[in-house]
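Chemist: Encoded as structure tokens, here's the structure I'll be asking about.
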Amino acid sequence: MEAVGRVVGIALIVGFVCASCGSNSNDQGITFRAVGIFQGERQEDQCEVPTTENQITDASVVLPLNNSLFIDVDGGYPNSASSTFCRGFLELENNLNDQAITVDRIDFQYEIPGARITIPSSSALVGWRLNPANADPETDPNSFGQVNVIFAQLDGQLVPSTLVSFLRQNQPSLPQLPYNMIIHLTARGRSDSGDTVETNEIRYAVQWTGSN
């Protein structure tokens, strides 16, 4: 029954998040789009990276705040050295013709309803390149199934280890476990013409528990 309760809790928070999707009236995400976060196909100890033809939605997760036999979050989430090694792949899409986009930064903001303190934000510096929307697949081959798309794993970045330590150290100022945390994520980059571009915001839900 406890496991069922956790799943229901995650479903409720994801439903709340999606209810506000699309309310932003700005044009971010038109030329440079954050599509979502996905899982890869897990085959024993191997992970098949998602593609546009073969992807599994990864919108939420239940994680133990304290060390656990099955999921250890000390190294952050997702973690290539733990059972979460095939989760947390961010899909980004370039809708510009004739111009590539070089992604240089991913920004994360964290929200915990009921918290009495501000949760620190974080950023990850990256260097990913997205082909133009009209790139020739023969000239610019792409293993992700669509020429202008990438799937990049946010290894240890979606929930960094520094945030895990912060949550442990400040438990008196946070809701009683289990509680929900919402991650707000945007990507930034530059087009070939030098213009700065930013994606739409996507969200990811984490339910923190005492252990699993």
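The values are calculated or read from the model by the stated rules, or taken from the named source; none is laboratory data. In this text, all values refer to a predicted model and were calculated from it rather than measured experimentally. Methodologically, a virtual Cβ is constructed for each residue, glycine included, from the backbone with ideal geometry; neighbour enumeration extends over all protein chains shown. Heads up: the accessible areas ignore ligands, DNA and RNA and are worked out on the full protein's heavy atoms, side chains in. Shrake-Rupley method; radii C 1.70, N 1.55, O 1.52, S 1.80 Å.
Chemist: Normalised by the residues of the range 64-119, what does the relative contact order come to in percent, with Cα pairs under 8 Å and at least six apart?
Modeler: 15 percent
Chemist: Can you compute the charge dipole magnitude of the chain about its Cα centre, using +1 on each Lys and Arg Cβ and -1 on each Asp and Glu Cβ, nothing else charged? Give it in debye, rounded to the nearest 20.
Modeler: 960 debye
Chemist: Using +1 at the Cβ of each Lys and Arg and -1 at the Cβ of each Asp and Glu in the chain, identify which of Phe144, Thr196, Phe166 lies farthest towards the dipole's positive end.
Modeler: Phe166
Chemist: Between Asn170 and Ser123, take the C-beta separation as r, use R0 = 35 Å, and let me know the FRET efficiency to the nearest 0.05. Don't skip to the end; give the middle numbers.
Modeler: Values: r = 21 Å, r/R0 = 0.59.
The pair Asn170/Ser123 has a calculated efficiency of 0.95.
Chemist: Could I ask something else about it? Projecting each Cα onto the charge dipole of the chain (Lys/Arg +1, Asp/Glu -1 at the beta carbon, about the Cα centre), which of His184, Pro50, Phe32 comes out farthest on the positive side?
Modeler: Checking the options against the dipole of the chain, the answer is His184.
Chemist: Does the range 81-125 come out rounded, prolate or oblate, given a ≥ b ≥ c as the square roots of the eigenvalues of its C-alpha gyration tensor, rounded meaning a/c under 1.5 and, failing that, prolate meaning a/b above b/c? Show your work: numbers first, answer last.
Modeler: Values: a/c = 2.85, a/b = 1.62, b/c = 1.76.
Oblate.
Chemist: Further question: Could you work out how far helix 2-19 tilts from the main Cα principal axis of the chain, as a 0 to 90 degree angle to the nearest 10?
Modeler: 40 degrees
Chemist: What whole-number distance in Å separates the alpha-carbon centres of the range 72-111 and the range 33-56?
Modeler: 12 Å
Chemist: Moving on to the next point. Send over a whole-number figure in Å² for the accessible area per residue of the chain, probe 1.4 Å.
Modeler: It amounts to 51 Å² per residue over the chain.
Chemist: For a quick check of understanding: with a 1.4 angstrom probe and all protein chains in place, what accessible area in square angstrom does Glu201 have, to the nearest ten?
Modeler: That residue has around 80 Å² of solvent-accessible surface.
Chemist: So what does log10 I(q)/I(0) come out to for the chain at q = 0.08, 0.16 Å⁻¹, using the Debye formula with one equal point on every Cα and no solvent?
Modeler: Listed by q, the Debye log ratios stand at -0.29, -1.11.
Chemist: Give me the percent relative contact order of the range 18-172, please, defined on Cα pairs under 8 angstrom at least 6 residues apart.
Modeler: Once normalised by length, the contact order is 26 percent.
Chemist: Another one. Would you mind getting me the FRET efficiency between Asp136 and Thr57? Use the beta-carbon distance for r and R0 = 25 Å, nearest 0.05.
Modeler: Computed FRET efficiency for Asp136 and Thr57 comes out at 0.25.
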